[in-house]
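Trainee: Got a structure for you, questions after.
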Amino acid sequence: MAGLGLAVLFLASWAPVAERLLTPFETRYPALLHVPQRMPFVAVVVLGGGWQPDAPVSSVSKLSESSAIRLMEGIRLWRQVAELPLIVSGASRNAAIAPVAQGYAQAAQSLGVPEAQLQVLDWPTDTGQEAQAVSQLLGKGASIILVTSASHMPRAMRHFQAAGLSPIAAPTHYLTQFNSPNSVRYWVPSASHLHKTERAVYEALGNLMVNIEH
């Protein structure tokens with residue numbers, strides 16, 4: 001059993017296995033380089049992640065890596081359609097931690113997004129609730145640009161479609177695809193590769209729950 005456990009740990013933290021598990025999630029939807037001009041979008045929506053609200057750093061630095069990248073991508077796309085609102089969402093299950101949506105709003109304003117263009121949904125604690133909150137705010141059938149991590153995008157799209165919205169995917173924060181197998185680092189087991197396996201398992205389980213949640 002100990003040997004089996006070590007073998008599983010080795011494989012889970014080895015790039016050829018980790019990337020093979022996570023890549024199908026991250027490649028389900030292509031990156032959105034430019035906002036389609038002829039589609040009637042009503043908002044850019046950035047889904048929540050993590051942050052450290054009490055850290056003695058700037059508003060942008062308080063965001064976790066995934067949250068910061070999601071927000072940067074959301075702002076990049078929003079600047080192409082700046083007449084639309086930028087909706088930021090997300091709360092914590094821990095009432096002692098301020099909602100990340102508030103952190104998004106602070107960081108977005110520091111990066112030049114006018115407060116009047118921001119809409120903050122600071123009560124949803126998971127993707128399903130975020131989809132319902134956006135649907136209630138914009139109405140069924142609303143076309144939106146949906147920004148979240150690439151591995152999370154397939155599950156997020158299912159939630160938002162089930163909520164009656166018409167999202168176009170804008171994935172970001174890629175963990176796979178850009179690592180060269182020609183480097184030694186690629187073949188050495190590491191915690192970063194183990195994290196990819198963890199994300200793949202997490203998203204696989206999350207996708208199984210979508211039908212139950214709706």
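Trainee: Any residue in region 77-104 that is free of Cβ contacts under 8 Å to residues at least 40 places away in the same chain sitting within a Cβ distance under 8 Å of a residue that is open to solvent by less than 10 Å² (accessible area, probe 1.4 Å) and part of a helix (DSSP H, G or I)? List the pairs, counting only those 6 or more apart or interchain.
Mentor: Final answer for the pair search is S92/V100.
Trainee: Name the residues in region 190-214 that are surrounded by 15 or more Cβ atoms within 10 Å (Cβ to Cβ), at pLDDT below 95 and under 30 Å from V42 (Cβ atoms), would you?
Mentor: G206, V210, E213
Trainee: Looking at region 136-157 only, could you name the residues that are assigned to a loop (DSSP other than H, G, I, E, B) and of a type in the set (S, T, Y)?
Mentor: S151, the sole residue that qualifies.
Trainee: Scan region 7-26 for residues that are part of a helix (DSSP H, G or I), among the aromatic types (F, W, Y) and at pLDDT below 95 and jot them down.
Mentor: Matches in region 7-26: F10 only.
Trainee: Scan region 158-172 residue by residue and report those that are part of a helix (DSSP H, G or I) and either open to solvent by 10 Å² or more (accessible area, probe 1.4 Å) or in contact with a Ser or Thr (Cβ under 6 Å, 6 or more places away or on another chain) (or both).
Mentor: Pass one, region 158-172, residues part of a helix (DSSP H, G or I): 158-162.
Once the filter is applied, which keeps residues that are part of a helix (DSSP H, G or I) and either open to solvent by 10 Å² or more (accessible area, probe 1.4 Å) or in contact with a Ser or Thr (Cβ under 6 Å, 6 or more places away or on another chain) (or both), region 158-172 yields R158, H159, Q161, A162.
Trainee: Right, something else. Among the residues of region 176-189, which ones are in contact with a helix residue (DSSP H, G or I) (Cβ under 9 Å, 6 or more places away or on another chain) and either at positive phi or open to solvent by 40 Å² or more (accessible area, probe 1.4 Å) (or both)?
Mentor: Restricting attention to region 176-189, the residues satisfying the condition of being in contact with a helix residue (DSSP H, G or I) (Cβ under 9 Å, 6 or more places away or on another chain) are 176-177, 179-181, 185-189.
Matches in region 176-189: Q177, N179, S180, P181, R185, W187, V188, P189.
Trainee: Next question, about the same structure. Please specify each residue of region 105-120 satisfying the condition of being touching a residue at least 24 places away in the same chain (Cβ under 8 Å) and under 19 Å from the mean Cα position of the chain (by Cα).
Mentor: Q106, A107, A108, L118, Q119, V120
The values are calculated or read from the model by the stated rules, or taken from the named source; none is laboratory data. From a predicted model like this one, the values you see are computed outputs, not experimental measurements. Counting neighbours? That spans all protein chains shown, and the Cβs are built from the backbone with ideal geometry, glycine included. For accessibility, only protein heavy atoms count, side chains too; no ligands or nucleic acids. Shrake-Rupley method; radii C 1.70, N 1.55, O 1.52, S 1.80 Å.
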